[in-house]
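Read the structure below first, then the notes.
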Amino acid sequence: MDKIENQPCPFCKQNKMTMTEEELEIPYFGKCFLFALNCSACGYKMSDVEAEKDKEPVKIIFTVENEKDMKVRVVKSSNATVSVPQLRMKVSPGPASEGYISNIEGILDRFKKVVEDLKETAEEDEEKREAKNLLKKIWKVRCGDVPLKIIIEDPSGNSAIISEKASILKLKK
Ligand SMILES: [Zn+2]
């Protein structure tokens with residue numbers, strides 16, 4: 001892993017930013033690079049992943065069916081949209097969008113965190129109840145009791161779900 005410290009931060013302009021770059025070999029996906037920027041002064045954070053070779057726009061559909069699926073690897077670039085229709089959730093690319101390499105469990109944890117924050121800040125009882133129900137659903141998915149479909153669309157092609165069960169479709173531009 002390459003690491004360069006004390007770089008100027010684009011936000012707070014202090015020389016407190018650390019840049020890291022890691023080269024990884026992901027089976028069935030190939031060589032890719034994981035970059036991260038981290039400013040210890042203002043907390044600015046950015047990360048992304050990019051495949052070494054140019055990829056075609058993709059749409060990946062994966063159904064989580066059991067506990068074993070939690071360990072399935074996921075590559076998600078900052079250009080990807082992750083949606084879970086059953087949970088009515090969608091994470092779209094934007095300025096704060098992060099690219100990362102994780103697994104299905106990690107993706108569920110991210111969604112869980114979003115719902116937990118919603119539950120904390122909800123003012124209406126109705127919203128709180130809905131958030132609670134979503135958390136219950138996520139828990140059941142983690143236990144393998146309820147199947148869950150996860151869809152990743154990436155016009156840059158730098159995303160993947162590494163499983164024989166994943167359907168990979170060409171994404172229409
Ligand atoms: Zn900063």
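Above 12 angstrom, tally the Cα pairs of the stretch 1-53 and express them as a % of all pairs, no decimals.
So the portion of pairs separated by more than 12 Å is 62 percent.
Please compare each pair in Lys3/Lys149; Lys45/Lys76; Lys31/Lys137; Lys3/Lys165; Lys119/Lys140 to a cut-off of 26 Å on the Cα-Cα distance and tell me which ones are over it.
Distance filter (> 26 Å) returns Lys3/Lys149; Lys31/Lys137; Lys3/Lys165.
Where in the stretch 50-76 is the amide nitrogen less than 17 Å from a point lying 7 Å along the Cα-to-Cβ axis of Glu105?
Backbone N within reach: 64-75.
Residue by residue through the stretch 86-101, what is 3J(HN,Hα) from phi via Karplus (6.51 cos²θ - 1.76 cosθ + 1.60, θ = phi - 60°)? Round to whole Hz and write x for glycine and proline.
4, 9, 6, 10, 8, 10, 9, x, x, x, 9, 5, 10, x, 7, 10
Any aspartates and glutamates with Cα under 19 Å of the Lys16 Cα? List them, leaving off those in the same chain fewer than 8 positions away.
Partners found: Asp2, Glu5.
Can you tell me, using C-alpha contacts under 8 Å and at least 6 residues apart, the relative contact order of the chain as a whole percent?
Once divided by the residue count of the chain, the mean separation gives 28 percent.
What is the ratio of the Cα radius of gyration of the chain to 2.2 N^0.38 Å, with N the residue count, to two decimals?
Relative to the rule-of-thumb radius for its length, the chain sits at 1.13.
Any aspartates and glutamates with Cα under 17 Å of the Lys90 Cα? List them, leaving off those in the same chain fewer than 8 positions away.
Glu98, Glu105, Asp109, Glu116, Asp117, Glu130, Glu153, Asp154
Taking amide H atoms as placed 1.01 Å from N in the peptide plane, list the residues 5 or more away in sequence, or in a different chain, whose amide H sits under 5 Å from that of Val146.
It is Val141, by chain and number.
Can you compute 3J(HN,Hα) from phi for each residue in the stretch 141-150, using the Karplus curve 6.51 cos²θ - 1.76 cosθ + 1.60 with θ = phi - 60°, rounded to whole Hz and x for Gly and Pro?
In residue order, the calculated couplings are 5, 4, 7, x, 7, 10, x, 9, 8, 10 Hz.
Step through the residues of the stretch 112-128 one at a time and calculate ³J(HN,Hα) from phi using the Karplus curve (6.51 cos²θ - 1.76 cosθ + 1.60, θ = phi - 60°), rounding each to whole Hz and writing x for Gly and Pro.
Each residue's phi maps through the Karplus curve to give 4, 5, 4, 5, 4, 5, 4, 5, 4, 8, 4, 9, 8, 4, 4, 5, 4 Hz.
For the peptides 78-87, 105-114, what is the packing order when you average, over each peptide's residues, the other Cβ atoms within 10 Å and list the highest mean first? Present the calculation step by step, with values, prior to reporting the outcome.
Values: 78-87: 18.8, 105-114: 16.8.
Output ranking for 78-87, 105-114: 78-87, 105-114.
Please compute the length gained on full extension between Lys13 and Ala122, using 0.36 nm multiplied by the number of residues separating them and subtracting their Cα-Cα distance.
Once the chain is fully extended between Lys13 and Ala122, it gains 35.7 nm.
Laboratory data are not the source of any read-out in this text; all were calculated from the coordinates shown. Note that the structure is a prediction, hence the values are computed from the model and not measured. Neighbour counts are summed over all protein chains in view; Cβ atoms, including those assigned to glycine, are modelled from backbone coordinates with ideal geometry.
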